[in-house]
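Peer 1: Could you have a look at this structure, given as structure tokens, before my questions?
Please treat every number below as a calculation from the coordinates, not as lab data. Predicted model only: the values in this text are computed from it and were never measured. Virtual Cβ from ideal backbone geometry, glycine too; neighbours counted across all protein chains shown.
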Amino acid sequence: MKTEDVLILAIESSCDETAAAVIKNGRTVLSNVISSQIDLHKLYGGVVPEIASRKHIEKINQVIEEALKEAEVTLDDLDAIGVTYGPGLVGALLVGVAEAKAISFAKDIPLVGVHHIEGHISANYIENPDLEPPFLCLVVSGGHTHLVVVKDYGEFEILGRTRDDAAGEAFDKVARAIGLGYPGGPKIDRLSKEGNPYAMNFPKAKVEDAPYDFSFSGVKSAVLNHINKCKMQGIPVVEADVAASFQRCVVEVLVEHAIAAAKDYHIDKLAIAGGVASNQTLRTAMKQACEKNQIQFYHPSPIFCTDNAAMIGVAAYYEYLKGTRHGWDLNAVPNLKLGER
């Protein structure tokens with residue numbers, strides 16, 4: 001039986017996590033079930049798209065059933081279904097989109113397609129009931145580094161983005177070069193605690209005429225060159241120092257750009273989102289910088305930083321309220337840009 005509460009089932013399958021969640025009224029997480037494939041992809045040093053898609057097919061019904069059970073609701077209680085339709089791996093996205101369309105059709109409930117980055121940004125609403133747009137958000141993940149003004153729910157202005165590697169991608173590549181394996185971000189964060197962050201002075205790139213844009217391929221190349229040079233000269237590579245120095249360099253750039261944008265645009269609320277937002281060094285540095293500049297700092301718990309369906313459900317709720325509806329022609333859009341419909 002329906003009440004005035006809005007219940008949304010959300011599905012996320014853009015990369016290597018199969019996830020389902022039930023969200024009530026946009027901010028209350030009734031369930032958030034995640035089936036991770038990390039152990040599977042570790043064997044290959046990164047995500048293998050074909051394997052990811054097959055695993056999503058195996059797991060998707062299971063995680064949805066679990067999410068409904070945990071939330072103590074049935075498909076008949078739902079007001080809408082939200083699903084990530086881009087950006088991401090096309091085969092992986094298709095699994096979630098097909099599932100969402102099937103449930104929407106079978107139960108005759110609205111279908112709401114969600115942009116993955118909008119989901120990451122929306123993760124901040126879950127534990128911060130006072131957070132409302134407008135605010136500035138730094139999105140840092142394996143595939144994206146964006147500096148975004150959140151003008152309203154579902155309304156964004158991108159101030160800066162990476163010109164080459166995303167921050168998380170650079171972490172993964174450096175971790176692989178050091179010999180830490182996949183996923184790189186958490187491993188570099190851990191190893192950095194044992195190293196000297198000022199042992200090496202790796203470059204911090206600035207993009208001319210685009211003060212809020214990022215570039216991480218230079219620092220990544222500098223790390224690889226340092227490791228190769230050490231090997232050629234028979235000098236031992238101090239892995240903890242390399243990891244700490246690299247991480248300091250990336251974190252400083254992220255913090256500097258975000259604070260500069262907040263001051264230039266006179267925004268006193270700054271949030272971070274995405275997988276790299278769970279990096280302890282980044283969180284600490286951003287918190288200190290915000291305190292110093294009288295900016296309110298928001299961040300999701302680590303479980304809501306990495307890919308999950310709860311954040312997709314939150315984004316879907318606000319899109320649903322705005323009247324966003326998708327038809328049976330909804331398709332996976334692997335390169336979907338933020339703000340596109």
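Peer 1: Sequence neighbours fewer than 8 away in the same chain don't count; with that in mind, list the lysines whose C-alpha is under 30 Å from LYS24.
Peer 2: In chain and number order, the partners are LYS2, LYS55, LYS59, LYS69, LYS101, LYS107, LYS151, LYS269, LYS287, LYS322, LYS337.
Peer 1: Can you list the lysines whose alpha carbon sits under 21 Å from that of LYS173, skipping same-chain ones fewer than 8 residues off?
Peer 2: Partners within reach: LYS42, LYS187, LYS193, LYS204, LYS206, LYS220, LYS229, LYS231.
Peer 1: Report the Cα centroid-to-centroid distance between the stretch 190-251 and the stretch 65-97 in angstrom, as an integer.
Peer 2: 39 Å
Peer 1: If I model a spin label at GLN288 and ASP152 as a point 7 Å from the Cα along the Cα→Cβ vector, what separation in nanometres do I get?
Peer 2: 3.9 nm
Peer 1: Based on the Cβ-Cβ distance of ILE235 and ASP108, what FRET efficiency does E = 1/(1 + (r/R0)^6) give at R0 = 51 Å, to the nearest 0.05?
Peer 2: According to the calculation, E is roughly 0.15.
Peer 1: Gaussian network model of the chain, Cα springs within a sub-10 Å range: biggest mean-square fluctuation belongs to which of LEU94, LEU136, LEU180?
Peer 2: LEU180
Peer 1: Which residues' amide hydrogens lie under 5 Å from the amide hydrogen of GLN296, considering only partners 5 or more residues apart or on another chain, with H built in the peptide plane?
Peer 2: Excluding prolines and chain starts, which carry no amide H, the hits are LYS269, LEU270.
Peer 1: Shifting gears a bit: What do you get for the angle between helix 217-233 and the principal long axis of the chain? Use alpha-carbon atoms, 0 to 90 degrees, nearest ten.
Peer 2: Compared with the principal axis, the helix lies near 50 degrees.
Peer 1: Taking the square root of 5 times each eigenvalue of the Cα gyration tensor, what semi-axes in Å does the equivalent ellipsoid of the chain have, largest first?
Peer 2: Over the Cα atoms of the chain, the ellipsoid semi-axes are 35, 23, 16 Å.
Peer 1: Another question, if that's okay. Hey, in the GNM for the chain with a 10 angstrom Cα cutoff, which one of GLU72, GLU319, GLU252 fluctuates hardest?
Peer 2: GLU72
Peer 1: So which trypsin sites (Lys or Arg not before Pro) in the stretch 121-193 are both in a DSSP loop and have at most 13 other Cβ atoms within 10 Å of their Cβ?
Peer 2: Sites meeting the loop and neighbour criteria: LYS193.
Peer 1: Same structure again: Would you work out the Kirkwood radius for the stretch 133-301? I mean one over the mean of 1/r across all pairs of different Cα atoms, in Å.
Peer 2: The Cα-based Kirkwood calculation yields 16.2 Å.
Peer 1: Among all stretches of the chain without exposed chymotrypsin sites (Phe, Trp or Tyr not before Pro) (DSSP loop, at most 16 other Cβ atoms within 10 Å), which one is longest?
Peer 2: Free of exposed loop sites, the longest segment is 45-197.
Peer 1: Given H placed on each backbone N at 1.01 Å, which residues far from GLY181 in sequence or on other chains put an amide H within less than 5 Å of it?
Peer 2: Under 5 Å from the amide H of GLY181 lie the amide H atoms of ARG176, each far enough along the sequence or on another chain.
Peer 1: Please give the calculated 222 nm ellipticity per residue for the chain, where each DSSP H segment of at least 4 residues contributes -39500 (n - 2.57) and the sum is spread over every residue; nearest 500 deg cm²/dmol? Walk me through the intermediate numbers first.
Peer 2: Details: 11 runs with 152 residues, N = 341.
Per the formula, -14500 deg cm²/dmol.
Peer 1: Okay, next question. Decide, for the stretch 226-341, between rounded, prolate and oblate: order the square roots of the alpha carbon gyration tensor eigenvalues as a ≥ b ≥ c, take rounded if a/c falls under 1.5, and otherwise choose prolate if a/b is larger than b/c, else oblate.
Peer 2: oblate
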